[in-house]
Amino acid sequence: MKHYILFFVVTCIVGCGCAVQSGDPAPVIRPQPGAELCGEVAAHIGPDGLNCPEGLPVPVNDEGTTECEPDAGALECISLEEFCVEQHQKGIYWNTECMVQITDCAEIETVCNDGGGV
């Protein structure tokens, strides 16, 4: 009887040890609401609207270039609208409902990203 109990305990330990996952589980990404307003946000805070720095095209490259100028070395630039939609799909919430109502660029940080709203 003792052999059966020992066999059972060893089997459970070995069996459980083999079932342990190695590494972290894959993240759960939930798209965020508000992406449907990204075009309106881009028009409102972009060069033809309030001309906020946050409304300029966004660089895409491995070196982290922060300007979308011809000589800045950016591989390509995407529009604020494209970047906004992409961020919402990746689970990053932008307060687009607030951003379409601001009257000054500073309000992006002081009102819309400060837990408040217009």
Filtering region 51-103 down to residues that are at pLDDT below 75 and among the hydroxyl-bearing types (Ser, Thr, Tyr) yields THR65, THR66
Cβ-Cβ below 9 Å, separation at least six or inter-chain, first residue in region 34-55 and without any contact (Cβ under 8 Å) to a residue 12 or more places away in the chain and surrounded by fewer than 18 Cβ atoms within 10 Å (Cβ to Cβ), second among the hydroxyl-bearing types (Ser, Thr, Tyr) and not in a helix (DSSP H, G or I): which pairs? none
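The values are calculated or read from the model by the stated rules, or taken from the named source; none is laboratory data. Computed from a prediction, not measured in an experiment: that's the story for all the values here. Using ideal geometry, Cβ is built from the backbone for each residue, glycine included, and neighbour counts are taken over all protein chains shown.
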